[in-house]
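Report on the following structure.
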Amino acid sequence: MSYHRTITVTCEAFNITVQEFHGRCRRGRIVIARDVFVYICQAEKYQPKLFSELGKLSGGRDRTSAYNSYVKIRDQLNQRYDGKYIRDYVAEIKSQLNEIYDFAETIQSNIL
C-alpha cells in the first residue's frame with residue numbers, strides 16, 4: 001500500500017485536496033486529516049514509518065509534530081469532530097484502504 005493512496009483516501013474522508021494536505025495551511029479540517037494520516041500509518045501498522053518521514057509526507061512537518069499528531073489522535077479517538085467520532089473517520093479510511101488493497105491483490109493474483 002502506498003502512502004499516496006493513504007493520503008488520497010484520507011483527503012477524501014475529510015473533503016480536502018491533496019494540495020491542501022501537503023500545504024502549510026493550519027485550518028482545522030486539514031490539520032485533523034494530517035493527524036489521522038499519521039495515526040493510521042503508525043498505530044494501525046499499515047505503513048509504519050519513522051515519525052520524521054511521516055512528518056515530511058504530511059505538510060513538511062518535523063518528527064516531533066508527527067509524533068504529537070499520533071498522540072493527539074490516539075487520545076481523542078472517542079471525541080467528535082464535525083459531528084462524527086474520530087474513531088469513525090479512522091474506521092472509514094481503514095475500510096477503504098482494505099478494499100483497495102484486496103482489489104489490488106485480486107488483480108495481481110489473476111495476472112500471475
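No value in this document is a laboratory result; all are computed from the given coordinates. Since we're looking at a predicted model, the values are computed, not measured. Please note: Cβ atoms are built from the backbone with ideal geometry, for glycine as well, and neighbour counts cover all protein chains shown.
Annotations
- Computed label-point distance, nm, for sites residue 31 and residue 72 using a 7 Å Cα→Cβ extension: 0.5
- Quotient of the Cα radius of gyration of segment 3-111 and 2.2 N^0.38 Å, N being its number of residues: 1.05.
- Estimated inter-spin distance, residue 17 and residue 62, nm [label 7 Å along Cα→Cβ]: 3.0
- Modelled spin labels at residue 8 and residue 81, positioned 7 Å past Cα toward Cβ, are 2.2 nm from each other.
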